[in-house]
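Undergrad: If you scroll down you'll find the structure; I have some questions about it.
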Amino acid sequence: MTYISSLNYPGGFALALLHSTESSSDVRVHIDTYAAMTGVTRFGQLNHNWIYNKTEGLAPAQFGNFTHLLTSNPKQHSGNGFSVTAVESGYAGLDVRPRLLLSAELPVSARLQPLVWIMRRDDAPS
């Protein structure tokens, strides 16, 4: 059950992935509500040179102030100068396979789906 519970935090995993793949010190990342609710906390904000922002209700033009986005809605930003660099999947339910009940395999497996996208502004400095 611990494994399945860990799949409820795609926002936190996405932030960790961003930290491991982005080497620039000039990063301004916007964290949307869903990413914040699924694991992005101040404890995960590891780079003191980065700016982390969770402001809600921004106008589309205001996202241009950020170099990166953690978002649950990539279509909102795809045509506005941002491109997807990675996606973090998370828990989407259980698949039960009754015929495996008498076998050595587990009859239940976690179903995953893409939930948080990491996006980078197309003209962001490298």
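The values are calculated or read from the model by the stated rules, or taken from the named source; none is laboratory data. Bear in mind the structure is a predicted one, so any value in this text is a computation, not a measurement. Note: ideal-geometry Cβ built from the backbone for every residue, glycine included; neighbour counts use all protein chains shown. Heavy atoms of the whole protein, side chains included, go into the accessibility calculation; ligands, DNA and RNA do not. Shrake-Rupley method; radii C 1.70, N 1.55, O 1.52, S 1.80 Å.
Undergrad: Going by the conditions given, is residue 108 on the phi < 0 side of the Ramachandran plot, open to solvent by 50 Å² or more (accessible area, probe 1.4 Å) and touching a Pro at 6+ places or on another chain (Cβ under 7 Å)?
TA: no
Undergrad: Can you tell me how many residues within region 9-25 are at pLDDT 95 or above and surrounded by fewer than 17 Cβ atoms within 10 Å (Cβ to Cβ)?
TA: 4
Undergrad: Every residue in region 89-125 that is assigned to a loop (DSSP other than H, G, I, E, B) and either among the aromatic types (Phe, Trp, Tyr) or at pLDDT 90 or above (or both), please. Let's see the steps before the verdict.
TA: Step one: filter region 89-125 for residues assigned to a loop (DSSP other than H, G, I, E, B), giving 97, 101-107, 122-125.
Hits for region 89-125 are 122, 123.
Undergrad: Okay, moving on. I'm trying to understand the selection: among the residues of region 43-79, which are of a type in the set (S, T, N, Q) and in contact with a helix residue (DSSP H, G or I) (Cβ under 6 Å, 6 or more places away or on another chain)?
TA: Within region 43-79, 72 is the sole residue that qualifies.
Undergrad: Pick out the one residue from 55, 67, 38 that is modelled with pLDDT of 95 or more and open to solvent by 50 Å² or more (accessible area, probe 1.4 Å).
TA: None of the other options fit; the residue is 55.
Undergrad: Collect the residues in region 7-39 that are without any contact (Cβ under 8 Å) to a residue 40 or more places away in the chain and either out of contact with any Asp or Glu (no Cβ under 9 Å at 6 or more places or on another chain) or not β-branched (Val, Ile, Thr) (or both), keeping them in residue-number order. Walk me through how you get there before you give the answer.
TA: Within region 7-39, the subset without any contact (Cβ under 8 Å) to a residue 40 or more places away in the chain is 12, 16, 19-20, 23, 25, 31, 33, 36-37, 39.
Correct list: 12, 16, 19, 20, 23, 25, 31, 36, 37, 39.
Undergrad: Could we say that residue 4 is surrounded by fewer than 20 Cβ atoms within 10 Å (Cβ to Cβ), more than 18 Å from residue 120 (Cα to Cα), over 9 Å from the mean Cα position of the chain (by Cα) and not basic (Lys, Arg) here?
TA: Yes: the conditions hold for residue 4.
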